[in-house]
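The structure under discussion appears below in the form of structure tokens.
Read-outs: derived from the displayed coordinates by stated rules, not from any lab. Model, not experiment: these values are computed from the prediction. When we count neighbours, we look across all protein chains shown, and the Cβ atoms used for this are built from the backbone with ideal geometry, even at glycine.
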Amino acid sequence: MLWSLLKILVFVAIIGLLAIGAGFLMESSGGVQVTVAGTEYTLGPLQSVIALCLLVFAVWLFFKLLNLLIATLKFLNGDETALSRYFDRSREQRGYQALSDGMMALASGEGRAAITKAQKAERLLNKPELTNLLVAQAAEMNGDTKKASETYKKLVQNNATRFVGVRGIMKQKLAEGDDETARKLAEKALALKPRHEETQDVLLNLQTKAQDWAGARSTLTSKLKAGYLPRDVFKRRDAILALSEAKDILDDSASVEQQEHAIEANRLSPDLVPAAAMAARAYIEKGKPRSASKILKKAWEVQPHPDLAHAFAEIELDETPEQRIKRFTALTRVHPQDPETRLILAELNIVAEDFPEARRALGDLIENQADARGYTLMAAIERGEGASDAVVQGWLAKALNAPRGPQWVCNNCHDIQPEWGPVCQNCNSFDTLSWQTPQTPEIATATGVHMLPLIVGTIEDQPEPEPEEAREDDEPEVDEVIEANAELVEAEKQS
């Protein structure tokens, strides 16, 4: 408010001073005499001041016209001038407008319009690092892979756009299914931009598919250093890659280095079941059963698993069934109510032919969490206790129709894998297998496994078992019953 008032006062003061000056000039006597071509002109004081102002303006206008003439001559000669800069600015504005229109057309899915605008922008701007990328993406949208590839190769030749070009060609090779070339291009792209997260993920996926475990571990370390991977996830995945390097540990040609990789994998992630089992077998090969037992106990504390039990059994191969039951107490006392613990105890007691104890080990597992394995063990227990064939077959019929229990399931595609691996065999995703019960819907058919109890009889209403003496000749072994059921389950899986 004060500033506006001050400006008004200053303006009024200037007008007043000019008025006073004009009045003074009009009242003054004398003037200026000018003779032009023999003619004398007499100017009063006020007229002299006006003439002087006109003369100054004329001189200024003359020099401006002179500069314009010189600039026109330079422009016609091809030199850099204000005129050329004016036309350059106009052309640049039209070029950026064409580039903007091309990007909008690309985002709208109009590939042909995007290419047209990109070509116009290329003529006006002469900046291939901007227009070539738009041309390549528009060509890909139109399905013109040849033009897109040629444009990406132009981008590779420029240092500023080399990464974009390599990445574009890499994605084309991935779409074509050329994983080997795509992997080499991903390595080059990552060398140009080591912290680019998408390229790291693509390269890691390609390396795991190609079983390049050493390269995958290096890429995984790059992801950790870039801050894109939590340390606990890094340790688990690094353990999986180390385990993959040692996957042939049980072969005759297994090297000491592979055994060390298995032990390293267990050290990196002690709760990883395959790593614990493989490291235990490595210690068994080294003649260190106590180290193997220690590893398996630690892994069992985290998650009871049949693979751990199998590896624990391999520590002592020549022991009696009773000795094995006693040695397995180190595992079974950790999680006594876990279904896996109870199933393992039942199996051990069946082998020792202590069928009542095997039945007690199962307890209420059959009623609450029964699966094919539990029903099979019940069939073996019934056979061992002298039940009739109809009773045994009834349990086997239930096993055939029961859920398979926990298995290795891919968290990405939910495919069931026969054994653990670092990469899903169905969707090729890395580190997605987990030990869980698959969600498989039950399929009811009038002629399928639902009819088996009607054919062989139900379990509840069965005739009394025959005397043991009359059945000894045709009584199958417990292992044969389990093996027969396993064949049935496998056939049902394949169907």
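When Y96, Y152 are sorted by how many other C-beta atoms sit within 10 angstrom of their C-beta, beginning with the fewest, the order is Y96, Y152. Coupling constants for the range 175-181 follow from the phi torsions by the Karplus curve (6.51 cos²θ - 1.76 cosθ + 1.60, θ = phi - 60°), and in residue order they are 5, 7, x, 8, 5, 5, 5 Hz; glycine and proline get x.
Neighbour counts of other Cβ atoms within 10 Å put I169, I416 in the fewest-to-most order I416, I169. Once the chain from A37 to H335 is taken as fully extended at 0.36 nm per residue, the excess over their C-alpha distance is 94.7 nm. Projecting label points 7 angstrom from Cα along Cα→Cβ for Q97 and C53 puts them 4.1 nm apart. The radius of gyration of the Cα set in the range 221-357, together with its Dmax, comes out at 16.7, 59 angstrom. Applying D = kT/(6 pi eta Rh) to the range 87-157, where Rh is the Kirkwood radius over alpha-carbon pairs, T corresponds to 20 °C and eta to 1.002 mPa s, the Stokes-Einstein value obtained is 182 µm²/s. I need the shape label for the range 150-241. Rule: rounded when a/c is under 1.5, else prolate if a/b > b/c, else oblate, with a, b, c from the alpha carbon gyration tensor. In terms of gyration-tensor shape, oblate. Beyond 17 Å, the tail of the calculated P(r) for the range 368-440 holds 53 percent of the Cα pairs. Note on the range 313-440: the alpha carbon radius of gyration divided by the globular reference 2.2 N^0.38 Å gives 1.21.
Listed by Cβ neighbour count within 10 Å, with the fewest neighbours leading, W3, W420 appear as W3, W420.
Annotation: amide H-H contacts under 5 Å for L433 (H modelled 1.01 Å from N, sequence separation of 5 or more, or interchain): N411.
Here the 3J(HN,Hα) profile of the range 122-133, calculated from phi with Karplus coefficients 6.51, -1.76 and 1.60 at θ = phi - 60°, is 5, 5, 7, 8, 6, 10, x, 5, 9, 6, 5, 5 Hz, Gly and Pro shown as x.
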